[in-house]
Structures are given as structure tokens and as C-alpha cells.
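Quick notes on the structure that follows.
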Amino acid sequence: MNALHDRMAGSDPVDAFNRGTRRVLTTITVLAGAVALTHQLLTNALAVTHKAGPLGAAHALLTWPLPLTQPILAGVSAVVLCVVGLQTGGWRQVTRRQGRYLSGFTVAAVLGAGPMILVCALALVVFTLVIGIGLMIGIGLLAFVILKR
């Protein structure tokens with residue numbers, strides 16, 4: 001029935017996406033939705049900080065070009081990707097028309113969620129390095145104290 005409807009509408013079904021592509025689409029959809037939900041919390045927290053230094057740069061990155069552009073772009077893209085995913089059975093039978101929507105809104109989701117993911121990834125790397133260096137110094141001091149006895 002669905003194939004008949006697709007033929008009548010003039011859109012040929014495309015082969016199903018492989019498992020890796022479906023995982024990437026799912027990950028992008030989840031991340032874009034999470035960014036849309038938490039973007040304001042992070043930008044408000046960064047707005048309280050000083051406007052100079054890395055936190056000011058992160059705030060400027062997350063509010064460019066307008067404060068709500070990125071979460072709206074990420075949120076709308078996540079909703080459209082969810083709808084296309086539901087209509088196609090988890091991106092298994094995508095028509096050409098749906099494929100165009102899928103491509104466009106995937107790019108929009110990446111552009112909307114990318115800056116926040118970049119800021120969070122950089123913060124994670126910096127904190128991991130700081131904790132690692134702190135542990136190395138602590139272990140070195142502990143070894144020095146033990147050897148001094």
C-alpha cells in the first residue's frame with residue numbers, strides 16, 4: 001500500500017540506509033534535541049561570568065549571530081529528523097523527497113548544535129588535562145614523601 005502511494009506521488013523509494021548511517025542520524029537527532037533543550041542554561045551561566053577570556057569567548061560563540069538562533073535551528077532540525085525517522089521506519093525506506101529533507105535538516109542540526117558541542121568538548125578536554133596533571137603532581141608528591149621517610 002505504501003509503495004503504491006509512493007508510485008502515485010511520483011517519488012521512488014530509495015534503498016534503506018545501513019546501520020552506521022542510521023546510528024549517525026540518531027546521534028545527530030539526539031544531540032540536536034539536547035542542545036535545543038540546554039542551550040539557554042549554558043548561555044545564561046556563561047553570561048554571568050566576565051566577558052573577557054575563554055568564558056567570554058564561549059558565550060560569544062554560543063550567542064552568535066543572535067542569542068536564540070542556534071537552539072531554534074537545532075530544535076526544529078531535531079523535530080524534523082524525528083518526524084522523517086518515524087515516517088520511514090527508522091530511516092529504513094527513505095524516498096528521494098524525504099532524502100532531500102533529511103540532508104537539509106541534518107546539515108541544519110549540525111550547524112545549530114555544533115558550537116555548543118564544540119564548547120562542551122573543549123571544556124571536557126581542558127578539565128581532563130587539569131585533573132590528569134593534578135593527579136600526576138599529587139602522586140609525585142606522595143611518592144616523594146614516602147621516599148623521604
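Could you tell me how many degrees, from 0 to 90 and to the nearest 10, lie between the Cα long axis of helix 69-87 and the main elongation axis, the longest principal axis, of the Cα atoms of the chain? Value to nearest ten degrees: 50. If one takes the longest principal axis of the Cα atoms in the chain, at what angle in degrees, from 0 to 90 and to the nearest 10, does the Cα axis of helix 96-148 lie? That helix lies at roughly 20 degrees to the long axis.
Here r is the Cβ-Cβ distance between Leu37 and Arg96 and R0 is 35 Å; the resulting FRET efficiency, rounded to 0.05, is 0.65.
Estimated purely from DSSP H runs of n ≥ 4, each contributing -39500 (n - 2.57), the mean residue ellipticity at 222 nm for the chain is -28500 deg cm²/dmol once divided by its residues. Extent along the principal axes, Cα only, for segment 2-120: 60, 25, 16 Å, with the longest axis given first.
Sorted fewest first by neighbouring Cβ atoms within 10 angstrom, Val48, Val76 come out as Val48, Val76.
Which of Trp91, Trp64 has the fewest other C-beta atoms within 10 Å, and how do the rest follow up to the most? Each step should come with its number before you reach the end.
Numbers: Trp91 24, Trp64 11.
So the ranking, lowest neighbour count to highest, is Trp64, Trp91.
Please determine, in degrees from 0 to 90 and to the nearest 10, the orientation of helix 19-48 with respect to the longest principal axis defined by the Cα atoms of the chain, where the helix direction is its Cα long axis. Rounded to the nearest ten degrees, it is 50. A straight chain from Leu141 to Thr21 at 0.36 nm per residue would run longer than the Cα-Cα distance by 38.3 nm.
Values quoted throughout were computed directly from the atomic coordinates according to the rules given, and no laboratory measurement underlies them. Because the structure is predicted, anything quoted here is derived from the model rather than measured. Counting neighbours? That spans all protein chains shown, and the Cβs are built from the backbone with ideal geometry, glycine included.
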